[in-house]
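See structure below.
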Amino acid sequence: METLDVNEYIKKISKVESMLEEIKQGLSYFDSELQESIKRGEKDIQEGRVTVCKTKEELDNFFASIENV
């Protein structure tokens, strides 16, 4: 039977906790960036700075109009 080294498990747990904290911080940053992007998009919509294309033809026309810009 293998002996358990409690100190090794504590080190492994600490390493995993550290890794999880890094992931948590990364997700927090991503979430705040996503929320800011959503706010900017909502502001653009409110100010009428969007183009809505409901058909393929409208989309083709939109792309054609920006190709010449």
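Every number in this text was worked out from the coordinates using simple rules, so none of it is lab data. The structure presented is a predicted model; accordingly, all values stated were derived computationally and were not measured. Please note: Cβ atoms are built from the backbone with ideal geometry, for glycine as well, and neighbour counts cover all protein chains shown.
Pairs meeting the criteria (first residue in region 41-65 and without any contact (Cβ under 8 Å) to a residue 24 or more places away in the chain, second residue among the aliphatic types (A, V, I, L, M) and surrounded by 10 or more Cβ atoms within 10 Å (Cβ to Cβ), beta carbons under 9 Å, at least 6 apart or on different chains) are 53/59.
Of everything listed in (1) surrounded by 10 or more Cβ atoms within 10 Å (Cβ to Cβ); (2) in a loop (DSSP other than H, G, I, E, B); (3) hydroxyl-bearing (Ser, Thr, Tyr), the single unmet condition for residue 3 is (1). The set of residues from region 41-69 being loosely packed, with under 10 Cβ neighbours inside 10 Å, within 26 Å of the chain's Cα centre (by Cα) and assigned to a helix (DSSP H, G or I) comprises just one member, 46.
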